[in-house]
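The structure appears right after this line, and notes come after that.
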Amino acid sequence: MNIRFQVSKPVLCGNERRYVIDAIDSGWISSNGAYLQKFEHAIAKMLQVDECLSASNGTTALHLACLALGLRAGEEVIVPSLTYVASANAVRYCGATPVFVDCDLKTWNASAEFIERAWTPRTAGVLAVHLYGLPTDVAQIAELCRDRGAWLLEDCAESLGAKVFGRPAGSFGDAATFSFYGNKTISTGEGGAVHVRDPARRRHAKMLRGQGMDLERRYWHPILGYNYRMTNIAGAIGLGQIEMLDFHLAERRRIAKRYAERLHPLEVEGLLQLPAQIAGYEGTYWLFSAVLTAGGEKRRETIMRYLARDYGIETRPFFVPMHHLPMYASGEKLPNTEFLSAHGINFPTYTGLRDEEIDEICAAITDLVRRSA
Ligand SMILES: Cc1ncc(COP(=O)(O)O)c(C=O)c1O
């Protein structure tokens, strides 16, 4: 059967087309131009910070953040094992060691307690991830980092617009990064952004992004830099997208509410775990996700296969734990991460997915989960 419901798709329903044409007509198609500046201002405004830098993608944004925070070879960074590989790789690009920690079974994110337990004298910082648009315990983690004199980097690739007690995710740490890949809440095709709180470090990040060139003196490159810049065309798409951010977030929250209502019976029957509702935590439900309570990876794969084959519903498994990947394999056991990774599923979540369609998807999920129990 053909796939009728994709896991995600970009919806460019605002001024994106008009801005892109304008960028092309203006001749500013490369990494300078008004749209880039406007897009950067809009992200900074949303984050309630002074300045944000665009980047070529979320991975280069993470690399820039780690470098700007001064991460060096030999140091350690505490990273949740349940994340996308880019979080760990950015640490490794700097020659440092990601130290993987388990996640909480309720929030699906690394808790301050797990992070504290992994602390060593070589810990330079913590890379906290707000997974699948669900906020992590960032206030407690920020406090822990402050107490220990370490930095905090928030990977908000999947959580643009999430809030913790009214404060935007990404505004707690010493730095924060975002991704605007095609499947994200808002997209620029490929794209990312980085916020660095300290102005001197931010200038350093800006230099690193632009081949290490001095910000006042052209072709003077006092440091080894990179070309991690976004284009003005991507910035034009980004501006059109971010103007519609509230709409896209409202859509995702409507979709999540409908899924949660329709899948609630499975939760009551103890067959499915839904995202936790935690007071003060406003998730964005980048991808609405749920976790089977038993059966292992094999049952999860069977359910996913039948959803695609018999109902045309595309789904995604949760990430493979970082500590299972060849370059990071340590042989250690992180039981919560391993459980969630083997039982978690991401469901179709995109602007415009209609309530009746969600009902249809949930009926299929309910049928397969019950039959395979
Ligand atoms: C948690 C997390 N961090 C980082 C990234 C990297 O972003 P990008 O794909 O834009 O490089 C992603 C992207 O999928 C992500 O999910």
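No value in this document is a laboratory result; all are computed from the given coordinates. In this text, all values refer to a predicted model and were calculated from it rather than measured experimentally.
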Find the eigenvalues of the gyration tensor of the Cα atoms of the range 183-234, then list the square roots of 5 times those eigenvalues as equivalent ellipsoid semi-axes, largest first, in whole angstrom. 24, 14, 8
State, as an integer percentage, the relative contact order of the chain based on alpha-carbon contacts under 8 Å between residues 6 or more apart. 24
For helix 34-47, what angle does its Cα long axis make with the longest principal axis of the chain, in degrees from 0 to 90 and rounded to 10? 60
Cα-Cα pairs above 17 Å in the range 280-341: how many percent? 55
Convert 37 °C to kelvin, take the viscosity as 0.692 mPa s, use the Kirkwood radius over C-alpha pairs of the range 1-93 as Rh, and evaluate the Stokes-Einstein diffusion coefficient in µm²/s, rounded to a whole number. 196
Kindly count the pairs of lysines across the chain whose alpha carbons are less than 18 Å apart, treating pairs on different chains or eight or more residues apart as eligible. 7
Principal-axis tilt of helix 16-26 within the chain, Cα atoms, nearest 10 degrees: 20
Principal axis dimensions, the range 245-371 - Cα atoms, whole angstrom, descending: 44, 35, 26
Against the longest principal axis of the chain, how steep is helix 296-311, in degrees 0 to 90 to the nearest 10, with axes from Cα atoms? 80
Yeah, the chain with a ≥ b ≥ c from its alpha-carbon gyration tensor (a/c under 1.5 is rounded, else prolate when a/b outruns b/c, oblate otherwise) is oblate
Check: C-alpha center the range 118-175 vs C-alpha center the range 286-359, spacing in Å is 24
Classify the range 143-240 as rounded, prolate or oblate from the Cα gyration tensor: take a ≥ b ≥ c as the square roots of its eigenvalues, call it rounded if a/c is under 1.5, otherwise prolate when a/b beats b/c and oblate if not. oblate
Could you work out the per residue convex hull volume over the alpha carbons of the range 299-373, in cubic angstrom? 115
Pairs of alpha carbons in the range 225-298 whose separation is greater than 14 Å (percent): 72
Could you work out which residue, out of Leu131, Leu245, Leu36, moves most in a Gaussian network model of the chain, that is, has the largest mean-square fluctuation with Cα springs under 10 Å? Leu245
What percent antiparallel are the DSSP beta bridges of the chain, to the nearest 5? 55
